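Each remark here refers to the structure printed beneath this line.
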Amino acid sequence: MALHLIVDGYNLLAQTSRIGGGTSLHSEMAREAFLRDLAAYRQRKSHAITVVFDGWQQGWGTEQREHRLGLEIIFSRRGEKADQVIQRLAAKFGSACAVVSSDREIVDFAMAQGAFVMKAQEFVGKLREGPNQSGVSAHKELDTGEDLRPKRGPEKRGNPRKLPKALRQRSRQLKRF
């Protein structure tokens, strides 16, 4: 099942290392390189992707939408922040979407709507994965034979080596990306 991915544009763009050497976060060149990376990700995963950028300070009077590189790109209208647009989209799609943002307000709202939420830094790792890489990490830790976890008391039950149910579920959801 293809998932609808809603991306907080400038929030994720700030997490990528493309900015530097005098390039501004809001520059056209930085945005275009970022959108090409997202389009390549879309080719690999075939998720519908909507990228929302702020236009509240210097944008147009109406919300601007365009489709490029297989992505839906939205610039919020003047006076409206991208956060509000993302919240509106998360309410519309509900549990059929995933939201990528590190903004606490957006994260809380999207989770309340049933959407899956990924922090921007977490998604940057997925974005940079090559098409031939599977979800397996390239680095393996050497087993020293010592368990670094604290010892559990006798009142604890269950398998101490098994992750909690919530973490196992999140891990399964992350594998879709």
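Of the numbered conditions (1) surrounded by fewer than 16 Cβ atoms within 10 Å (Cβ to Cβ); (2) more than 21 Å from Leu174 (Cα to Cα); (3) under 13 Å from the mean Cα position of the chain (by Cα), Arg128 satisfies every one except a single condition; which is it?
Only one criterion is unmet by Arg128, namely (2).
Being at pLDDT 90 or above and touching a helix residue (DSSP H, G or I) at 6+ places or on another chain (Cβ under 9 Å): is that true of Ala30 here?
The answer is no for Ala30.
Of all residues in the stretch 58-78, how many are in contact (Cβ under 8 Å) with a residue 24 or more places away in the chain and assigned to a loop (DSSP other than H, G, I, E, B)?
Of the residues in that region, 3 qualify.
Contact list please: Cβ distance under 7 Å, first residue in the stretch 90-106 and farther than 13 Å from Leu3 by Cβ, second residue among the acidic types (Asp, Glu) and surrounded by fewer than 24 Cβ atoms within 10 Å (Cβ to Cβ), pairs at least six apart or on different chains.
Pairs found: Asp103/Asp83; Glu105/Asp83; Ile106/Asp83.
Yes or no: the stretch 138-150 includes at least one residue that is aliphatic (A, V, I, L, M), modelled with pLDDT under 85, in contact with a Phe, Trp or Tyr (Cβ under 6 Å, 6 or more places away or on another chain) and closer than 28 Å to Arg36 by Cβ.
No.
Scan Met118, Met111 and give me the residue that is touching a strand residue (DSSP E or B) at 6+ places or on another chain (Cβ under 7 Å), at pLDDT 80 or above and surrounded by fewer than 18 Cβ atoms within 10 Å (Cβ to Cβ).
Matching residue, one of Met118, Met111: Met111.
The values are calculated or read from the model by the stated rules, or taken from the named source; none is laboratory data. Bear in mind the structure is a predicted one, so any value in this text is a computation, not a measurement. A quick note on method: Cβ atoms are made from the backbone with ideal geometry, for glycine too, and the neighbour counts reach across all protein chains shown.
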